[in-house]
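**Q** Just dropping this structure here.
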Amino acid sequence: MKHLIDIMELTVEEIDEMIAVAKDIIADPDKYAEKCKRKKLATLFFEPSTRTRLSFEAAMYELGGNVIGFSEAQSSSAAKGESVADTIRTVGAYADIIAMRHPKEGAPLVASRKTIVPIINAGDGGHNHPTQTLTDLLTISREKGRFNDLTIGLCGDLKFGRTVHSLISAMSRYENVKFVLISPDELKIPEYLKEEVLIKNNIEFVETADLEEAMPQLDVLYMTRVQRERFFNEQDYLRLKDSYILTPDKLVNAKEDLSILHPLPRVNEISTAVDDDPRAVYFEQVLNGKYIRMALILKLLEVK
Amino acid sequence: MRIDKIENGIVIDHIKSGQAMELYKMLGLEKLDCQVAIIKNAESGKMGRKDIIKIDQMIDLNLDIIGYVDPEITVNIIRNGEREKVAHIELPDEVVDIIKCKNPRCITTTEQELPHVFKLTDKENRVYRCLYCESKAK
Ligand SMILES: [Zn+2]
């Protein structure tokens, strides 16, 4: 593996290996403090995403490396109309590894074909965001200790949520995983995902509009935001939005060992009253994001 | 109806009825100086009705285009009035600059001179997806 563009390019073994490294970093961070000494990570954010960028930068600093880059297209040559290919050839001359976010779908793939420097896709429009999925996987692994035999509920915007699509694809490779897809009719998962991933691989799934009813069977609940702009009219949005807000009373019948994940940022889809519930792990998830990015950087730089 | 027999050239046969014009354009046959005949709705035992394209000259055809449109189409090479061979048409694994990605969010819309590449992702249903954004080809 040279670049990371799409989570499905990783084998299950490669994911296991990175998760093991991430757990080792958590156990003994000092051991890794100088692993990337004198190495430079370039964060090329053609579109702003402060959280993702900070996570990459913190990861590189904790490995003893340095960071160069830009945080929005206005401050880069892209604003002058330079192509992705030319930008990458230039940056590739300075950096040892590149994390790239771009509003156009497929831009990181184009970049990866123009340089020998490893490219990490840090999000390309609504398409892929593989380090978020790695973050989700590390969180599930740490909370549940396994990927097999899990009932995973995904709730909210399942139609446009790219993190949802990638997580379903990634988890569909494990044994005895069942999905409960909780969303309003308007925001169900796309047909192609149902046909090409779930049905094709014989994976058990149910679609429902009722979060409370689905709750008791879930081992993992992955919450996403239902955005106002996804609805054709305001009435539908107002009618539906509260059904997909997680509150303590909706958790009454949940399993004791449920894990609640959210890719963040949260707007109001999880009540802050849930934050102190030990089953809420979305802030741990943020930290996991840094650790798995450290493991990924080590892997791509082939640092042992 | 009678179309003159070809001495040296190509007969593209078993085109689904109504598809000949599309294929004509995709293959760029309008650029040819030689005679080209498009026969629409010809009777066919196997297909009921079919289209045929006859080209009165030996040219280099991009068989990937034909395979992409329909691998059931047959291409006959005619030499000295005889059918010399039937070219083997396959569903191509990848097509380059034959179809354009229509997704406005795709990198192909902004990146200079980037080839439009589509990959065959589902052979059974003949689904092609953009290499970059994975949009389905229409
Ligand atoms: Zn595309």
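**Q** Can you give me the Cα centroid spacing of segment A:251-291 and segment A:125-192 in angstrom?
**A** That distance is 15 Å.
**Q** Shifting gears a bit: If each of residue B:47 and residue A:144 carries a label point 7 Å out from its Cα toward its Cβ, how far apart are those two points in nm?
**A** With each label point 7 Å from Cα toward Cβ, the separation is 5.0 nm.
**Q** Please check: in the Gaussian network model of chain A (C-alpha springs, under 10 Å), which one of A:217, A:227, A:235 has the largest mean-square fluctuation.
**A** A:235
**Q** Taking each residue of B:102-114 in turn, how many C-beta atoms of other protein chains fall within 10 Å of its C-beta, and what is the average?
**A** Mean partner shielding for this stretch: 6.
**Q** May I pose another question? Rounded, prolate or oblate, given the Cα gyration tensor of segment A:28-72, with a/c below 1.5 counting as rounded? Walk me through the numbers before you get to the answer.
**A** Working: a/c = 5.06, a/b = 1.96, b/c = 2.59.
Judged from the Cα gyration tensor, segment A:28-72 comes out oblate (a/c at least 1.5, b/c at or above a/b).
**Q** Rounded to the nearest 500, what is the 222 nm mean residue ellipticity of chain A from helices alone, with -39500 (n - 2.57) per DSSP H run of 4+ residues and division by all residues?
**A** -10000 deg cm²/dmol
**Q** Quick one: angle between helix A:130-144 and the longest Cα principal axis of chain A, in degrees between 0 and 90, rounded to 10, please.
**A** Rounded to the nearest ten degrees, it is 60.
**Q** Relative contact order of segment B:9-88, please, whole-number percent, based on alpha carbon pairs below 8 angstrom and at least 6 residues apart.
**A** This gives 40 percent for segment B:9-88.
**Q** On a 0 to 90 degree scale, rounded to 10, what angle separates helix A:50-62 from the longest Cα axis of chain A?
**A** Result, in degrees: 50.
**Q** Determine the principal axes of the Cα atoms in segment A:1-156, then give the extent along each, sorted from largest to smallest and rounded to whole angstroms.
**A** That works out to 50, 39, 26 Å along the principal axes.
**Q** Still on this structure, I have one more. Calculate, for residue A:249 and residue A:206, the FRET efficiency according to 1/(1 + (r/R0)^6) with r their C-beta to C-beta distance and R0 22 Å; round to the nearest 0.05.
**A** 0.45
**Q** Using only DSSP helix segments of four residues or longer, with each worth -39500 (n - 2.57), what per-residue ellipticity at 222 nm results for chain B after dividing by its residue count and rounding to 500?
**A** Details: 2 runs with 14 residues, N = 138.
Computed mean residue ellipticity for chain B: -2500 deg cm²/dmol.
**Q** Rounded, prolate or oblate: which fits segment A:1-82, taking a ≥ b ≥ c as square roots of the Cα gyration tensor eigenvalues, rounded meaning a/c under 1.5, else prolate when a/b beats b/c?
**A** oblate
**Q** What translational diffusion coefficient, to the nearest whole µm²/s, does segment A:138-246 have by Stokes-Einstein, given a Kirkwood radius computed over alpha-carbon pairs, a temperature of 20 °C and 1.002 mPa s viscosity?
**A** 150
**Q** Give a quick list of GluC sites (Glu not before Pro) in segment A:3-73 that DSSP marks as loop, anything other than H, G, I, E or B, with at most 11 other Cβ atoms within 10 Å.
**A** Here the GluC sites (Glu not before Pro) that fit, given the DSSP loop and packing criteria, are A:34.
**Q** Now for a separate question. Could you tell me which of rounded, prolate or oblate describes chain B, using a ≥ b ≥ c as the square roots of the eigenvalues of the alpha-carbon gyration tensor, with rounded for a/c under 1.5 and, failing that, prolate when a/b is larger than b/c and oblate otherwise?
**A** Verdict is prolate for chain B.
**Q** Please turn the phi angles of segment B:103-115 into ³J(HN,Hα) values with the Karplus equation 6.51 cos²θ - 1.76 cosθ + 1.60 (θ = phi - 60°), one per residue in order, whole Hz, x for glycine and proline.
**A** 6, x, 8, 7, 4, 5, 6, 10, 7, 4, 6, 7, x
**Q** Turning to a different aspect of this structure: Can you give me the distance in nm between label points at residue B:62 and residue B:40, each placed 7 Å from the Cα along the Cα-to-Cβ direction?
**A** Once both label points are built, they end up 2.4 nm from each other.
**Q** Assuming R0 = 60 Å, what is the FRET efficiency of residue B:74 and residue A:20, from their Cβ-Cβ distance, to the nearest 0.05?
**A** 0.60
**Q** Let me ask you something else. Using only the alpha-carbon atoms, what does segment A:192-238 span along each of its principal axes? Please give whole angstrom values in decreasing order.
**A** 37, 28, 14
**Q** Going highest first, how would you order B:8-15, B:45-52 by mean Cβ packing within 10 Å?
**A** Highest-to-lowest ranking by the protection proxy: B:8-15, B:45-52.
**Q** Another one. Report, in degrees rounded to the nearest 10, the 0 to 90 angle that the Cα long axis of helix A:162-171 makes with the longest principal axis of chain A.
**A** 90
**Q** Just flag the trypsin sites (Lys or Arg not before Pro) in segment A:89-151 sitting in loop per DSSP whose Cβ has no more than 15 other Cβ atoms within 10 Å. Write out the running numbers ahead of the final one.
**A** Numbers: sites: A:89, A:101, A:104, A:113, A:114, A:142, A:144, A:146; in loops: A:104, A:113, A:114, A:146.
Passing sites in segment A:89-151 are A:113, A:146.
**Q** Using Cα pairs under 8 angstrom and six or more residues apart, how large is the relative contact order of chain A, in percent?
**A** Working: 559 pairs, mean separation 58.5, N = 304.
Reported relative contact order: 19 percent.
**Q** Cα-Cα pairs above 26 Å in the protein assembly as shown: how many percent?
**A** Value for the protein assembly as shown (Cα pairs over 26 Å): 64 percent.
**Q** For the protein assembly as shown, what is the percent of antiparallel DSSP beta bridges, rounded to the nearest 5?
**A** Percentage antiparallel, nearest 5: 45.
**Q** Averaged over all directions, how much area does the convex hull of the C-alpha atoms of segment A:200-275 cover when projected, in nm²? Intermediate values should be presented prior to the final figure.
**A** Working: hull surface 26.1 nm².
Quarter of the Cα hull surface area: 6.5 nm².
**Q** At q = 0.19 Å⁻¹, what log₁₀ I(q)/I(0) does a Debye calculation on the Cα points of segment B:9-88 give, no solvent, two decimals?
**A** The Cα Debye sum returns log10 ratios of -0.78.
**Q** Structure shown: which of B:40/B:119; A:194/B:119; A:23/A:200; B:31/B:102; A:194/A:290 lie over 27 Å apart, alpha-carbon to alpha-carbon?
**A** Over 27 Å Cα-Cα: B:40/B:119; A:23/A:200; A:194/A:290.
Coordinate-derived values only; no laboratory data. Predicted model only: the values in this text are computed from it and were never measured. Here the Cβ is made from the backbone with ideal geometry for all residues, glycine too, and neighbour counts use every protein chain on show.
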